[in-house]
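Student: Input: one structure, supplied below.
What follows draws every value from the coordinates through simple rules; no lab data is involved. Quantities reported herein were computed from a predicted structural model and do not represent experimental measurements. Neighbour counts are summed over all protein chains in view; Cβ atoms, including those assigned to glycine, are modelled from backbone coordinates with ideal geometry.
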Amino acid sequence: MRLQVNKTALNGAILAVGILAPLLAGPTFKSFRIPTANSQPREITLGSDGNMWFTESELNVSQIGRIDQQGNITEFAVPTQFSQPSDIVAGADGALWFTEPSGFPFGIGRVTTNGVFTEYGLDLNTCNPCSVTPNGIAATPDGNIWFTEFNRNAIGKLEPSTGAFTFYNIPTPNATPSGITLGPDGALWFAEFQGNQIGRINTAGNITEFSTAIGPDRITTGPDGNLWFTEPFNNKIGRITLSGVITEFALPASVQPRDIVAGSDGNLWFTEYNADQLARITTNGVITPVQKVRGGPWGIGAGLNNTIWLTQFDGNKISRYQVAP
């Protein structure tokens, strides 16, 4: 089942604000306020149009935001109200795909770079259960969308060409799957927040689990060909090889690392929510605090021109850090 809406045709659906700021050659940091108050921006990613796209997850807001390289923000209201969009990824089709954990009867949303929405849910005539409660989301080159499914304790796959959903049960009960990413081996790698494991699922649906991670949350592919993940309440950054060897790197107590991304500079960048900090870790595990970011830094994404972008969940802002060349 799917619903398609062109939100650009609706009055009042788009808000825009502009702050022009040229990108400088050296390290610079700039924050941009989101027009809608208390929008609770969560995750952010680079779109095919060169802009950064982010989710506004507050229940009564439920919007997708777009910010260009100069800081101009446009907001698009998700057709399903109170859907609380959470994670977001660029798909092989050039559109942005996002999760709607509270979006019944839909669960996965798609928005083109022109603001046209399509939402996907189960067939209400045949499903049982019918709700889809996705958390993390990832896209594969074949056009399919993969996501972590909370209530089913499963990994889900959506085939947009048919609208069909497939669910693969995670072997560990109550694993609370969180972040998911496409690995360098063509498989999907995901974090089991309550299961204290990192999981791997190939495109045929076969799952392998690797233990010793403590409360892993967000996960990304590193420039070294390994997978890197955050452990927010264990205050560590983790690394797992394709063979399943896990190494953890300790952070100062209570900084609570939330999200992580590979930068174009060959390092990993992550947010420290409790410490109000943007930080960097090399592939050898050397950690450096880089920039103070007030307002609850949460999601993080790598942009064009060697930039790192992050959401400020409590501060209602998007920030851009220009990495030194």
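Student: Using θ = phi - 60° and the Karplus relation 6.51 cos²θ - 1.76 cosθ + 1.60, list the HN-Hα couplings for region 173-186 in order, rounded to whole Hz, with x at every Gly or Pro.
Tutor: Those phi angles translate into x, 6, 6, 6, x, 10, x, 8, 8, 7, x, x, 8, x Hz.
Student: If R₀ is 45 angstrom, what is the calculated FRET efficiency for the pair N174 and N72, using the beta carbon separation as r and rounding to 0.05?
Tutor: 0.55
Student: If amide H atoms are built 1.01 Å from N in the plane of the peptide, which residues on other chains or at least 5 residues away come under 5 Å of the amide H of V293?
Tutor: Q277, L278
Student: Now for a different question. What distance in nm lies between label points placed 7 Å from Cα along the C-beta direction at T126 and T247?
Tutor: 4.8
Student: Now for a separate question. What's the longest bit of the chain with no exposed chymotrypsin sites (Phe, Trp or Tyr not before Pro), using DSSP loop states and at most 15 other Cβ atoms within 10 Å as the test? Intermediate results must be reported in sequence, preceding the final value.
Tutor: On the way: sites that count: F82, F233.
In short, 83-232.
Student: Any idea what the dipole of the chain comes to, in debye rounded to 20, about its Cα centre with Lys/Arg Cβ at +1 and Asp/Glu Cβ at -1? Before the final figure, lay out each step's value.
Tutor: Values: 19 positive and 26 negative charges, 112 e Å.
Result for the chain is approximately 540 debye, rounded to the nearest 20.
Student: Another question, then. Could you derive backbone 3J(HN,Hα) for region 190-206 from the dihedral phi with the Karplus parameters 6.51, -1.76 and 1.60 (θ = phi - 60°), listing whole Hz in sequence and x where the residue is Gly or Pro?
Tutor: Along region 190-206, the couplings run 9, 9, 10, 4, 8, x, 6, 9, 10, x, 10, 10, 7, 6, 8, x, 7 Hz.
Student: Now, a different point. What are the aspartates and glutamates whose alpha-carbon lies under 19 Å from the alpha-carbon of K236, with same-chain residues fewer than 8 places away excluded?
Tutor: E192, D217, D224, E248, D259, E272, D276
Student: Follow-up. For the pair N284 and A324, what calculated FRET efficiency results from E = 1/(1 + (r/R0)^6), where r is the Cβ-Cβ distance and R0 = 22 Å, to the nearest 0.05? Display every interim value, and only then the final one.
Tutor: Details: r = 19 Å, r/R0 = 0.88.
E(calc), rounded to 0.05, equals 0.70.
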